[in-house]
Structures are given as structure tokens and as C-alpha cells.
Amino acid sequence: MKFGYYPGCSLSGTAKEFDLSLKEVLKYLDTDLLEINDWCCCGASSAHSASHLLSVALPARNLILAKEQGMKEIVAPCAACFNRLKVAQHELQNDEHIRINTEELLDTKYSDGINVLNLISLFQQIGLEKIKSNAKVDFSKLNVACYYGCLLVRPHDILKFDDPENPTTMEEVVKATGAKPVDWNFKVECCGAAHSIAHTEIVENLSMKILDDAINYKANVIVVACPMCHSNLDMRQKNIIKHNPGRNKIPILYLSQLIGLSLGLDHKKLGLDLHFIDTAPLIASLSENEVAV
Amino acid sequence: MENNHVHPTIQKIINLTNQNPANCYQCGKCSAGCPVRDYFDDSPNRVIRFIQLGLYDRALKSKAIWLCAGCQTCSSRCPQNFEPAKFMDALREIASEEGIAPSDKNVKKFHKAFLNQIKNNGRSFELGLIRDYKLATGKLFQDIDAAPTAILKGKIGFTPHKIKDTKKIKSIIDKAVKGKTK
Amino acid sequence: MRIGVFICHCGENIGRTVDCPSVASACANFSGVVHAEDYKYMCSDPGQNLIKQAIKEKNLDAVVVGSCSPHMHEKTFRKACSDAGINPFLVEMANLREHCSWIHDDVPSATRKAIDLVRMLVEKVKFNEPLIPIRVPVTKRALVIGGGISGIQASLDIANAGYEVVLVEKEPSIGGHMSQLSETFPTLDCSQCILTPRMVEVYQHPRIKLVSYSEVENVEGFIGNFSVTIRKKARSVKDELCTGCGLCVQKCPIKKVALSDFDEGLATRPAMYVPFPQAVPNIPVIDRSVCTYFKTGKCQLCKKVCGREAIDFEQQDQLIKEDVGAIIVATGYKLYTIDKKPDESMIKGYGEYGYGKFKDVVDGLQFERIASASGPTSGEMLRPSDKTTPKKIVFIQCVGSRDESKGFSYCSKICCMYTAKHAMLYKHKVHDGEAYVFYMDIRAGGKNYDEFVRRAIEEDGVKYIRGRVSKIYEENGKLIVKGEDTLAGVRVEIDADMVVLATAMIAQNDSVKLAQTLSVSYDKYGFFNESHPKLKPVETSTGGIFLAGACNAPRDIPDSVSMASAAAAKALVLFGSDVLEREPVVAKVNEATCAGCFYCQKVCAYNAIEQKEIKDRQGNVIKVVAYVNSGLCQGCGTCNATCPSKSVELLGFKDDQIFAQINSFAEVF
């Protein structure tokens, strides 16, 4: 299978392990990714904070490039990029005004036709049975808290992906690896997003609540599909622990890393040594079929 | 929704969001679910109320519009099909346009630094972003403890990825945001 | 023909946009018109007198009134002319209001149009024939569909007036939702105590035929002459033999499988059951989907213990035919259940409140069952999950109502009142408990209603918080309720033991199907439509069918009871005459030209076309032609449009009448 690929800025930088693990897993599953040539930033939070038009124009440029380069389906593993691309697409399709202004700004015509996939729908397309049938490690004692965050499921009217209050698609993927998803409360609660730099205290507070709930429901690991969420829950967990000594650590994995581990791929190749919260205990216990908390 | 007797600010909001502020019936569900609501005094529904009452200044000077995390929890639960998150975006844009000083300077500086990076490189460049942000805010020692780990793990590149079409990106951003980056 | 033209100003309604005096003077010049005048309110007493006077003085044969829609005043003007001696079907109305003044702004154009409209009708009326109303007998029996409080009230009123009533109820017992309630507002009367005497009165009434555990399957006919088919579902018990002793229910071994509908899923009931102890009739039903005998052929315990041999496993549904003259629809409501629905549906669910996921989040009717002495907790305030007493309880109003986005845009009217009631009931039973109500507004517009809500706040200490709840989640056995108080502008978070959602009152699942069976119009929510929202609240678009209670719109008990009596009164008006006059605007077949193809019969929605043999003097059949049963014909004109040989015409709207109208207008071009 072949998909167009929109990595987004994070996967090329601070979320390198997301990119690495995704590519490793897809290589194993015989799926090719063709990166969009000369893609630019989707604008993330900053574009829509400064100008509505800009927030549509930047993703539009990427959609136009993808179409020009003959792609029909593109994968945007980062939830924020996925969200921006889909929302821009929706606005361009439904708001004449915005489309005209965007085309003027970009000096190009826009036409529809690209199907934008997120990380989970990518695996749904590839087929969960492929993951299940290739599982090499016993995950039956692994309790996983699936953290969707905000931008994968909201706004539901536009994304039309899963249930915005109680989604279950990531749980299906996790189940295919043999692990046990836990039924917890904070699946779709905000981690603080882009306030990571300007208001770290907000992120620490919100992320702590998420970590607490996952631990309360006996999860051994939290699985995410967004580099911002990962950074807030992983990198900032160190600060949270510093400010609240005696807390239990809980490793944060990308969904692609979890799948990669289940397929028996090398953990270094999956970027599992690039995390702030050490994943070594988790990996060790998995390889011995026991689970550390 | 064009009306001859509509205040220009309201008209701007309607143009940017395709929504009429009058639709909000002040139920407070947005504020109840807002994850960052505790960090500001004027809750999201209150900000909308200011607009409904014509107290535009108070709305544009509120902290809510800058601290909004864009999580869309409010928009997805609003019973009136209203989108407070979009509303906050619009108010941010209008505040910048009208030169109203942001009630939270750091957030604005962050967004400015971010957009600057995209202007120069077409993509975000963390080191550049952090450098610009620290210089703008004077918070030179923030996150200094995270830096060594990040650099050691190769997560922060020393040089930016530059795309080919940076000139075009710069012109797009400049045109879209002209007058709004004060 | 001597035609009189009367142009009405309708106050400002027509007069503001149409220059009525000019219209009148223009019409005076039409050929055939011998009298033309205009007046402010033609339908009023002096207005009607003007018409009657002109008829007498000018010896008029026909009248054209240019005014509002015939829907409004056709009857008025026909009666006025009839009183003055003109056949009422020589009276036509030109709609200068809905079809002219209300939709145009420009006075000169609207005036020109008005003149054209009147002229068309003047030309038409020249071809009108006098018609005699059709008289049909009235069956002086009523059908009441639904045995809740509205149906019960309507049945008793009609039966007490001396007429027979057939009362059909879908459930095994009458009583409806009111029988599930604990206490009613604003008096806090015990609901079953005030209801059950009525239920028994219905059961014992000599003129009420109670057909329970049954549904209306088909309705044919028209006002005064309905023929109804009722499906009496199989209880598996012969009701003429059963004494209601209850032994079979006691002995039934399948006790824990089926959830009790009456207890809103909070308790189980046996496969052989009576919905509640005071059920009327007190005859049990076998739920064949869980009964062992029907699944495996074994058991039959109930049959063994029945001393009257009343159990009949072979019993089938029965179809019963009843002839009635009036039908009252009193099918009530159901509560909105919050569950996941696909994107295309109107309802998107309220996943954020955890209903269905968290056991201690319940809806209004479930709380009634908990509070009720005959309920699953015998009236003790215990929460479903662990049967402990909740010390902190939260009530949330407007769940699904007033919700453009994920629910219904209307207000369900009763929730503010019953929430206050619930909070009070809770406080009366749990003295040291804390009750919170999240509200947007308080709608307490009835007699003693506002005082009732104030009592909850001021005397019973219920804390009212103005704002909505965004999310509920469970933590360590408590329900964390995240809300906001918009009056103080603060976040409110409560760790509650139980949450009660005041969910929307919606139409029954099968209301649309019933509406279609009855040919009654309904709105987008499935509620049955009244004929006119202000002045005809209990009538429907179909003559002879009336509405009572919550099947029409969210409504509380006092209003439902009033409406039921009003509907009964309407039925009694119908029964007040032996004969009903029907409009003679029916189809008529020209037997000479009819070719006997019967396409008309195929398209007639009312089965009003029959076959008629034309015989010669010797009795040989020459041909078979179509024949319209004027008793059944509704004058829709479909046969007229279908007939290839133009042999069927609609009296009052014959081809020459219609063509005269069209031609007079075409001349303008």
C-alpha cells in the first residue's frame, strides 16, 4: 500500500521517535510513505491565533502540493496537523469567501480530492488483522490507557472521526496488539497543548490530572497519537515529578511504538530510548512477559 | 446576516466566524468544560456576554482569548451550535488588528516567534523558536534543564530544515498577518 | 347571472398593500357584476349584513368575496349567503391576503393582481352549480387511543355523557407514565392514589370497552363513520377466565432475565408478569421472548397452578373491528434516552454525562421509581450501583431540550417543576443530604408553580446553580460533576453520589406510524399537529380526530386533563346530531363517456370508487362503469386528473369552471 506522507514539523524534530517508529512499523507491514515534496508547516496553533485566513492558507498549500504530486490519500500522523488539514479542507469546500481569499493569497487554484488520514485510520486501512497476526510478544498483562487528546476527535462535525466523548478506535488498535485498554475518564481531556512554552504551569497542571487518572485506572502505559500530547505528558512529566515528589512514573508511548514492540521490532529503531520518562523498565518486563508499574 | 445597524466589531466577528453572537444563551457549558478556565477571571461565556452587551473593550482585553488552548471542548458541547473556540480566535485577530495590547504577552510572543520561524524556514525550527521566545520574554533560563537531554537525544537540531519556497511562505504570512503582529 | 363582489380590507392586512376601493370599482365594470363594494371587516357582523342586504336589494344569484384564505372564512361567508337565500356553493372567495397582500410590497402591482384574482373567480362562479350537502349518519361511539391520564379522562367524560367508548391501550395496563410517578407537583399528592380510582372507574364503567395490550392497526372511513381494526396482542392468558389471583406470576421461575419497563430498567420482572400491583386490568402477560416454554417447550408451571385453566399458550393475536364516529388520540410521550446515534440522525447523544455508562446517572422517570413506595427500593432513597444513600445529589435540567445542536430545540415544559419536586422529595427523605440543581432558567408558569420552586429553594435548602454541566466522570465511587455558575462567574465542581438528568419529553417511537394510519399531520419531532395553534388546539387536520395530552406537545398533568376533557367535548358535539352534513365537493362520473378502465379506482386513496353495471331494459349488462361513493369521497380530485377520457369531474371544481378562471387570466397577456 502507498500513502502520501505529511510528517509535520514535530516529527522532523522533537518528535523524531514518532517518525522513526512509524516508518519502521510501516516497512514491516509493506506500506510505503511518499513524503510531499517541499511541504510547509500547517500553522499549528499559531496561525489560527493570528489570522483565520492564514490558518486555512498554510494547510491549503500542502493539499494543493499533494494533489499536484498525484497523491490521493495522505497521512498526517500528528493530530494537530491532521486537524488543521481537515478543517482547512472543510472551510475551502463550504465557504466560497474563504476559498476565493485563499486562492488569491496563494496565487493558485484549489480543488478537492485529497483524503486526509490520521494515525489510527491509517492502521485501520492497513488492516488490524495484520497487526494481530504478526504479534510476537505477549501483551496480555499490559494495561494501556489510550489518550486521544483534543484534536483527533473535535470538532466532530468536520472530522467525523470516532465518538468525541467516548472514542474507541485507538482501543481497537491496541487490542489487536494483545494489550488491554483500560476504561478511564481522561481520554479526550486537554493536556494544555501549545501552552507548553508560554505557560508551562498550565500544562503541568492539566497533564498531571491526565497522568493521575491513568494511574488510578491501573494503566502501565499511556499511548498517544500526537507529538504535542507526548511532549506534555512525557517531557513535562519530569517537572511534574520534581514538583510533586513521590509520584509514580508512567511511560508515554506513541501508538506506532506500541505496535512496533508488539511486532518484535528493535526498540532502538523505534526511538524508545529518546523519551524523557525511561521506557527501559517497560520494555524489559515485556520481554520477560512480566509487567512493571 | 448582513444588517445595516450592526456594530463594526460584531460584523467583523460574524465575517470571521459565520456565527451570530446573539445565538449564545449564556448557559455556561463552555466555561464549565474549559480546561484553562481557572487561569482567568472572565470565563468564556462571560467574554461572549461582553460582546452581546457591547462591552467590546472588556472582551478584547480579557485573558481568556489568549489563554484559550483551542481544545474545542466548548464548541463540541455547546447546545446552540455555537463555537466559542472560533469566537476566541476571532477576538484575538481583532484585538491584534485594533492594536489592543494582549492581556497575556507571553502567549502572543510565543505565536510571533513561531510564525517567524515559519517565515524564515517554511517549517518550525525549535532552537530558533526557543531562542526568539526567550529573547522576547527575557525568560532566559526557562526549560534550561530539559535542553541537555533533548539535545543529547538528537531531538533538537542545530540547523533548520529550510524548504525551497520560503519566499512564498514569507509573503503569505506577511500578507495575511499584516498589521496584526504588533 | 347577477354577481355581487365584496372586497375586504381585513383591517390593515389587505388594505395596507392592496387599494381595496379601486379593486371594488374595477370589479363593478366586469360583465355579470351588478354590485361591488369594499369594507374594513367583511367577516364581522356589519360586514356580513352588507352582503345579505345586497343579496336582497340587488337580487344577487352569486357572490364573490375578495378577502382572506377560504381556510379561514369560507364557512362564514357561505353561511351568511345561505341565510340570505343563495345556495352556499354559489359563493366563491378570492384570496387577496395569503396570496396577495401578505407576499407583495408594491401597492400598484398588488392591486392589479387583486383585480385579476377577483376577475378569475367572477368568471368561475358563472359556471357554478348549486350543490346540496351530503348527509351521512353519525356513529355515536368514540375510540380513545391511549390509556394514560389523558385517555382515561376523555373516556370517562364521553362515557358519562351516555355514549360508548372503546379505549385501546398498548401496554398490558392502563395508567401510562402517571402510574410510574411517586408524587405530583405542585401538591405532592401521591400519584397512584389519585390515579388508580380513575383507572378502576374506567374498568368498571358499563359504557367503556377497555381493550388493553392492543394497538390500532388500521383506520378507514371519515368523520362520523370510522371503521377501525385493532390488534389485540396475545397475552397467552384468557382474560375472561383470569381472576387476577397472581399465583402464576409468583410461581414463574424466570425471575431475573427481563428488565421491568415499568421500573425503567432498575429492576427485573418475571417472564409471566403484571406490570405493577395496581394494574388495570390485573391480568398477567407472558413475555414469549424469555419464557422457557416458548423457547424450549418445557416448564408450564403457570398452567399447572392456574385454578381457572386460563393459561393458553396457543393464543394468537386477534384482529377486532370497531365502528366509531370520533377518535381521540392520547398516546402520550416517552423520555429521550441518551445513547449513541449515527451522525445522520437529529440526536447526537450526550456522551459527556455518562448515562448508560455510570449506573448512578439516572433520568427523571428512573428517579421517580426510586422515590416511589412501590419501586425497586421500596421508596428508600438508594442509588443503583451499591444501594447506599446518596449524601450529595445533583440534578441537571435541560438535557436534550433547548438544544439546537445535539437534541431538540423546544423546551420540555415540565422538567423545571419535576426537578424541584425531585429535589424536595430527596430532602424530605435524606435530611442531611445536599441537593444541587443546575439550571438555565426556571419555567414555572402554572398556578402555584413558582411558589413551589421557591419552596424548594427557601424552605428545603436545595441549592440552585445557574449554569450547565460540561462533563461527568467517575472517580473512586463518586461522580465528579463539572459545571459553572454564570451568575457569580465561578466554576462549580461537585463530587456527587448520584446524578439525575431531566431529559427531554419526546414523541413515542411509533407516533409517526400511527399518524400515517390516521392520516393526521405531525411535525418534525413526531408530535401530532393541532389544527390551529391558537384557536383549535384539540382538533387535527382530519375531521373527527382529536388530540389530548402530551402526544401533541410536552405538557403537564393539569393541562393534559383539561385537553382531554376538551377533546371529549368536541366528540360530544359530533354526537349531538344524528346526521352529519358533508361538503358536496365530491367526484361524479359521467356514465355515458366512462370507458370502464378504472384507472381512477387505482389512484383513489379513500377506496371511494366502485364498479357499477349499466343494464339495458332486458337486464343485460351493457357496460361496467365507475361510480363514486359520495360518502367516502374526500374531493381530492386525483381521479379527475387521472381519467383519460375526462369522465370524472369534481363538483364545485369542474373543468369548465377551472378553464373559465384560467382563460380570464390568460386574456391579460
task: Please indicate, with yes or no, whether at least one residue in the range C:357-371 is at pLDDT 90 or above and small (Gly, Ala, Ser).
output: yes
statement: Residues in the range C:577-603 that are part of a loop (DSSP other than H, G, I, E, B), open to solvent by less than 30 Å² (accessible area, probe 1.4 Å) and closer than 15 Å to C:Val625 by Cα total 3
field: Yes/no for B:Asp57 being over 23 Å from A:Ala80 (Cα atoms), within 14 Å of chain C (Cβ to nearest Cβ) and either part of a loop (DSSP other than H, G, I, E, B) or at pLDDT 90 or above (or both)
entry: no
Filter result for C:Arg235 (closer than 19 Å to C:Val329 by Cα and either surrounded by 16 or more Cβ atoms within 10 Å (Cβ to Cβ) or not β-branched (Val, Ile, Thr) (or both)): no
field: Filtered residues of the range A:26-38 (kept if of a type in the set (A, V, I, L, M) and touching a Pro at 6+ places or on another chain (Cβ under 9 Å))
entry: A:Leu33, A:Ile36
message: Out of A:Leu206, A:Leu122, I need the residue that is aliphatic (A, V, I, L, M), crowded, with 21+ Cβ neighbours inside 10 Å and either within 11 Å of another protein chain (Cβ to nearest Cβ) or assigned to a loop (DSSP other than H, G, I, E, B) (or both). Which one?
response: A:Leu206
- request: Within the range B:79-92, track down each residue that is within 10 Å of another protein chain (Cβ to nearest Cβ) and within 18 Å of B:Ile13 (Cα to Cα).
  value: B:Gln80, B:Asn81, B:Phe82, B:Glu83, B:Ala85, B:Lys86, B:Met88, B:Asp89, B:Ala90, B:Arg92
message: Quick check on the range C:611-645: of everything there that is touching a strand residue (DSSP E or B) at 6+ places or on another chain (Cβ under 6 Å), aliphatic (A, V, I, L, M) and closer than 16 Å to C:Tyr599 by Cα, which residue is surrounded by the fewest Cβ atoms within 10 Å (Cβ to Cβ)?
response: C:Val624
task: Answer with yes or no whether A:Asp30 is farther than 19 Å from A:Glu103 by Cα and open to solvent by 30 Å² or more (accessible area, probe 1.4 Å).
output: yes
task: Answer with yes or no whether C:Asn663 is open to solvent by 60 Å² or more (accessible area, probe 1.4 Å) and outside the structural domain of C:Ala62 (by TED's automatic domain parsing).
output: yes
query: Does A:Leu106 fit the bill of being open to solvent by less than 20 Å² (accessible area, probe 1.4 Å) and outside the structural domain of A:Glu172 (by TED's automatic domain parsing)?
result: yes
statement: Considering residues that are in a loop (DSSP other than H, G, I, E, B) and within 21 Å of C:Glu475 (Cβ to Cβ), the number found within the range C:383-427 is 9
Pairs where the first residue, in the range B:111-126, is facing another protein chain (nearest Cβ under 8 Å) and over 15 Å from B:Thr159 (Cα atoms) and the second is modelled with pLDDT of 90 or more and assigned to a loop (DSSP other than H, G, I, E, B), C-beta under 7 Å, 6+ apart: none
message: Whether any residue in the range C:334-350 is modelled with pLDDT of 95 or more and assigned to a loop (DSSP other than H, G, I, E, B) is what I want to check.
response: no
message: For the condition modelled with pLDDT of 85 or more, surrounded by fewer than 16 Cβ atoms within 10 Å (Cβ to Cβ) and more than 9 Å from every other protein chain (Cβ to nearest Cβ), what is the one hit in B:Ala101, B:Ala95, B:Ala147?
response: B:Ala101
query: Counting just the residues of the range A:8-25 that are out of contact with any Pro (no Cβ under 8 Å at 6 or more places or on another chain), away from every other protein chain (no Cβ under 11 Å) and touching a residue at least 60 places away in the same chain (Cβ under 8 Å), which one comes out farthest from A:Asp38 (Cα to Cα)?
result: A:Val25
query: If you take the residues of the range A:48-57 that are hydrophobic (A, V, I, L, M, F, W, C), within 7 Å of another protein chain (Cβ to nearest Cβ) and open to solvent by less than 10 Å² (accessible area, probe 1.4 Å), which of them is nearest to B:Asn116 (Cα to Cα)?
result: A:Leu54
- request: For the range A:144-157, enumerate the residues that are open to solvent by 40 Å² or more (accessible area, probe 1.4 Å) and in contact (Cβ under 8 Å) with a residue 40 or more places away in the chain.
  value: A:Leu151
- request: Name the one entry in A:Asp183, A:Asp162, A:Asp234, A:Asp212 that is within 14 Å of chain C (Cβ to nearest Cβ) and assigned to a helix (DSSP H, G or I).
  value: A:Asp212
field: Single match in C:Gly526, C:Gly489, C:Gly477 (criterion: within 14 Å of another protein chain (Cβ to nearest Cβ), touching a helix residue (DSSP H, G or I) at 6+ places or on another chain (Cβ under 9 Å) and surrounded by fewer than 20 Cβ atoms within 10 Å (Cβ to Cβ))
entry: C:Gly489
query: Quick one: C:Ser541 ticks every box in (1) under 22 Å from C:Val228 (Cβ atoms); (2) in contact (Cβ under 8 Å) with a residue 24 or more places away in the chain bar one, so which box is it?
result: (2)
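The values are calculated or read from the model by the stated rules, or taken from the named source; none is laboratory data. All values reported here derive from a predicted model rather than from experimental measurement. So basically every Cβ, Gly included, is an ideal-geometry build from the backbone, and we count neighbours across all protein chains shown. The area values use the complete protein model at the heavy-atom level, side chains included, leaving out ligands, DNA and RNA. Shrake-Rupley method; radii C 1.70, N 1.55, O 1.52, S 1.80 Å.
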